[in-house]
Amino acid sequence: MSHSYVKRDDSNTKGGEVMKCKAVAELLPLFLDTELEPEVAAQVADHLAICSACQEILAEYKREQQILQSLPLVAPPPTWRAELLAKVNSNQHRREQPVWRFFVPRLASLAAALLMVLLVSNLYIFPHYLAISDDSQRIGILAAPGNLELDESPEAIIEADPPDNMNIMGLKSKKEQLPVARYGAAPTDNLQRRWWLWSSGISIVIWLAGAGYFYYSYRRRLQEQFD
Amino acid sequence: MDGEQRRAFLRHIIIAPKGSPVAQGGVVVQLTGLTDENLVEQFLQGNKAAFEEIVIRYEQKVYQLAYRLSNNRDDASDLAQEAFIKVYRYLDQWRGQAAFSTWLYRIVTNTFLDEVRKRKRRPLVAMSLDATIPTEDGEIIREFPSDDADPEQEYLQRELQQVLQAALAGLAPDYRAVLTLRDIQGHTYEEIAEITELNLGTVKSRISRARAALRKKLLETEQYESLLRQTR
């Protein structure tokens with residue numbers, strides 16, 4: 001207990017320094033348990049000798065402690081121990097985790113990860129989703145080295161149709177085949193459709209493999225618990 | 001020998017699992033005379049009867065603590081059982097840094113505080129924890145005799161106890177825990193520090209604040225003062 005607790009009151013000088021009631025009141029609970037350092041306890045005792053209000057508070061604390069100590073003992077119900085031992089012996093105490101608590105978060109996060117991979121790789125492989133529909137993007141594409149003609153104004157560039165020889169990931173950009181640059185919508189052509197089928201098929205296989213692995217680890221965990 | 005005697009007798013005898021050191025040595029150990037440390041050792045060597053002995057030794061104190069913390073019998077039963085089940089599971093993790101009893105009470109208090117936290121998140125269930133205290137005289141095994149055998153005084157005394165118990169139940173769980181450990185279970189400040197895993201300074205300030213809070217609660221209860229005046 002540090003001495004900073006102890007506030008001294010010089011105005012009340014009766015045989016030297018005496019503590020203030022407020023400071024004493026805070027110390028009384030510990031004074032009751034004789035857990036104060038001897039010097040501090042002596043100061044509290046000095047104060048108590050002259051202050052009936054604090055004596056009163058100490059008496060209240062003492063009384064409360066007495067009543068708490070006098071509370072009747074409570075025994076466990078007669079069948080309590082037998083129940084406990086039965087629980088322990090029947091291994092019921094292995095608090096069983098509901099099965100879904102194990103599988104749902106794992107499978108869901110695996111599915112989410114696969115979906116992310118699918119979507120991101122789709123955009124990567126078929127970038128015309130991203131490339132078009134925004135004028136700045138179009139300028140970017142058209143202003144690639146070789147396409148840039150300095151004497152044309154930006155407006156003219158924006159208005160311009162994509163060149164016939166534009167080639168994105170092997171897709172010929174004939175205007176009829178790839179009206180992307182004009183309408184900002186991607187065609188679902190055969191290549192993309194096939195890609196979606198294959199990649200989602202592979203994802204499902206990976207997901208099933210993950211499910212199998214989780215099932216295996218779940219069984220192993222159960223086994224460990226009951227050993 | 002009737003059933004009870006027989007069970008008491010059988011408690012002294014180890015049923016040693018195959019291959020355990022006890023079985024190999026063919027030693028019969030009297031569990032009742034062992035220290036806690038030796039009992040734990042017995043248990044870890046595979047003598048499951050040692051666990052029952054531990055339960056018998058501590059059920060009273062653990063149940064009492066659980067009851068004062070949770071304030072009703074059902075919660076107390078569950079809490080005490082859960083604590084002992086944890087002991088059963090994690091006994092190998094007790095390395096004797098603290099006394100066994102300290103470790104045990106720590107499990108009870110922590111289990112209780114965890115439960116309180118869990119219930120705070122799902123407040124619907126919290127009802128039973130703060131419910132008023134039932135008075136079931138049937139299972140109270142010992143009453144401290146009051147100074148005078150006056151039945152009216154005894155009645156008032158019991159009323160007073162109930163008021164105090166209600167006030168204690170109204171305190172914050174942390175305060176209730178330290179006050180219960182201090183005044184009802186009679187632990188020293190050092191023991192409380194070990195049980196709650198707080199440092200001594202924190203225990204001291206927490207107990208002071210708990211006492212002050214309890215006193216404030218009691219001063220708010222009108223009954224209390226009149227009861228005090230009548231019992232004096």
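The values are calculated or read from the model by the stated rules, or taken from the named source; none is laboratory data. Here the structure is a predicted model, which is why all the values come from computation and not from measurement. Reconstructed Cβ throughout: ideal geometry from the backbone, glycine too, with neighbour counts over all protein chains shown. Accessible surface areas use protein heavy atoms only, side chains included; no ligands, DNA or RNA. Shrake-Rupley method; radii C 1.70, N 1.55, O 1.52, S 1.80 Å.
Tell me the residue from B:LEU214, B:LEU198, B:LEU179, B:LEU219 that is in contact (Cβ under 8 Å) with a residue 40 or more places away in the chain and of a type in the set (A, V, I, L, M, F, W, C), please. Let's see the steps before the verdict.
On the way: B:LEU198 fails: in contact (Cβ under 8 Å) with a residue 40 or more places away in the chain; B:LEU179 fails: in contact (Cβ under 8 Å) with a residue 40 or more places away in the chain; B:LEU219 fails: in contact (Cβ under 8 Å) with a residue 40 or more places away in the chain.
When all the criteria are applied, what remains is B:LEU214.
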field: Top-ranked residue in segment B:73-102 [being open to solvent by less than 30 Å² (accessible area, probe 1.4 Å), among the aromatic types (Phe, Trp, Tyr) and assigned to a helix (DSSP H, G or I); ranked as farthest from the other protein chains (Cβ to nearest Cβ)]
entry: B:PHE100
task: Give me the pairs, please: first residue somewhere in segment B:53-66 and closer than 19 Å to B:ASP174 by Cα, second residue anywhere and open to solvent by 10 Å² or more (accessible area, probe 1.4 Å) and in a helix (DSSP H, G or I), beta-carbon distance under 6 Å, and either six or more positions apart or on two chains.
output: B:ALA66/B:LEU79
query: Of the residues A:ALA49, A:ALA86, A:ALA25, which single one is in a helix (DSSP H, G or I), at pLDDT below 90 and under 30 Å from B:PHE43 (Cβ atoms)?
result: A:ALA86
message: Being open to solvent by 60 Å² or more (accessible area, probe 1.4 Å) and in a helix (DSSP H, G or I) is the filter here; which residues of segment A:59-83 pass it?
response: A:LYS62, A:GLN66, A:GLN69, A:ARG81, A:ALA82, A:GLU83
query: In segment B:37-65, what residues are within 9 Å of another protein chain (Cβ to nearest Cβ) and either over 21 Å from B:GLY186 (Cα atoms) or among the hydrophobic types (A, V, I, L, M, F, W, C) (or both)?
result: B:LYS48, B:PHE51, B:GLU52, B:VAL55, B:ILE56, B:VAL62
- line: The condition of being among the acidic types (Asp, Glu) and in contact with an Asp or Glu (Cβ under 9 Å, 6 or more places away or on another chain) holds, among B:GLU154, B:GLU190, B:GLU159, only for B:GLU154
- line: A:GLU17: passes all of (1) modelled with pLDDT under 85; (2) surrounded by 18 or more Cβ atoms within 10 Å (Cβ to Cβ) but (2)
field: Conditions (1) within 11 Å of chain A (Cβ to nearest Cβ); (2) within 23 Å of B:TYR63 (Cα to Cα); (3) surrounded by 20 or more Cβ atoms within 10 Å (Cβ to Cβ); (4) at pLDDT 90 or above: number failed by B:LEU164
entry: (4)
message: Between a residue in segment A:46-60 that is without any contact (Cβ under 8 Å) to a residue 12 or more places away in the chain and acidic (Asp, Glu) and any residue that is assigned to a helix (DSSP H, G or I) and open to solvent by 20 Å² or more (accessible area, probe 1.4 Å), which pairs come within a Cβ distance under 8 Å, given they are 6 or more apart or on different chains?
response: A:GLU60/B:ARG215
